[in-house]
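Comments concern the structure below.
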Amino acid sequence: MALRLLLNLLIAAAAVLSAAAGSAQEFPSAAVRFVVPLPAGGTMDIIARTLGQPVARALGQNVVVDNRPGGGGGGIIGTEVVARAPADGHTVLFIGNGFTMNPALRSKLPYDTVKDFTAVARVASNPLVVSVHPSLPVKSLKQLVALARARPGELTFASGTAAGGLRLNAERFKAAAGIDIVNVSETVPYVASGRLRPLAVTSLERNGALKEVPTVAESGYAGFEALMWYGVVARAAAPKGAIDRLSAEITRAVRLPEVSDALERKGLSVATLRPAEFDAFIRAEIESNGRIVRGLKLVVE
């Protein structure tokens, strides 16, 4: 009897393992949808479309980029689309800094940022460029900080939105430098035309599009890093096999020369994290952004 029970348990376990393996092998069984919660033509959209073809080749299925902008600029509509999609891995969401800011900025969200999603892969990042108008009498980050300290509350900085990733990363530098400047897109074209003078980039390493510009860390703030980043998440209940396959193929695709070169021309750097690492990164960003938002008393209803 004991032997028969043991055999039955072994057979059942083998069946479970076989079903799990079969499930992983079956993915994908249909087209994969890349939901971009922002308008076409932006950085996130460019990344998704650049990755679409090589990922489609690797998966043997079509990849469809689906732009779903809206939700007050925070990408909420597109994010909710994925939160409500079948949890089979065939619909994924491209995210950026805003994904980890919304829990603090928005009093009500139609999804739970932590519980409803699971990380697939971080793919790329780009630094901010600390730059000034050529008329300002500073030619280095050190000189800018000295001027800001001499004139507290008088200098202004542009960030595009009052509560976006640019604003919060600028606030990170204000705290690191101990300066008081007041909040009032793409910087590279303005630098290239001479309309802005670049002083430093906020990545730990110099940016390929602005190789002559030092980093903030090189300029006296060791370890300082503030990035705009981009990645992919899926429904939290999606099969692990599907997540692992997606993560592997997206990570492999972004490292292809034709993809990485195309991203670098846009000022982006390949910055990959696999699911567990990216999940930890997302949670840390939610916590960090929450502290900044609460300190600034920023709320977007």
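So the values come out like this:
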item	result
Residues of segment 115-153 that turn out to be part of a strand (DSSP E or B) and either more than 30 Å from A237 (Cα to Cα) or at pLDDT below 90 (or both), as a count	6
Residue within segment 84-96 that is under 22 Å from N126 (Cα atoms), open to solvent by 50 Å² or more (accessible area, probe 1.4 Å), modelled with pLDDT of 90 or more and not polar (S, T, N, Q) present	no
Checklist (1) in contact with a helix residue (DSSP H, G or I) (Cβ under 6 Å, 6 or more places away or on another chain); (2) of a type in the set (A, V, I, L, M, F, W, C); (3) over 20 Å from E287 (Cβ atoms) applied to A104, failing item	(3)
Residue ranges of helices (runs of 4 or more DSSP H) in segment 182-301 with at least 1 members surrounded by fewer than 16 Cβ atoms within 10 Å (Cβ to Cβ) and under 15 Å from the mean Cα position of the chain (by Cα)	275-296
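Condition check ((1) at pLDDT below 50; (2) touching a His at 6+ places or on another chain (Cβ under 6 Å); (3) surrounded by 12 or more Cβ atoms within 10 Å (Cβ to Cβ)) across all residues:
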position: R4; (1), (2), (3): no, no, no
position: L17; (1), (2), (3): yes, no, no
position: I47; (1), (2), (3): no, no, yes
position: P54; (1), (2), (3): no, no, yes
position: R57; (1), (2), (3): no, no, yes
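The values are calculated or read from the model by the stated rules, or taken from the named source; none is laboratory data. All values reported here derive from a predicted model rather than from experimental measurement. Ideal geometry is used to build each Cβ from the backbone, glycine not excepted, and the neighbour counts take in all protein chains shown. Heavy atoms of the whole protein, side chains included, go into the accessibility calculation; ligands, DNA and RNA do not. Shrake-Rupley method; radii C 1.70, N 1.55, O 1.52, S 1.80 Å.
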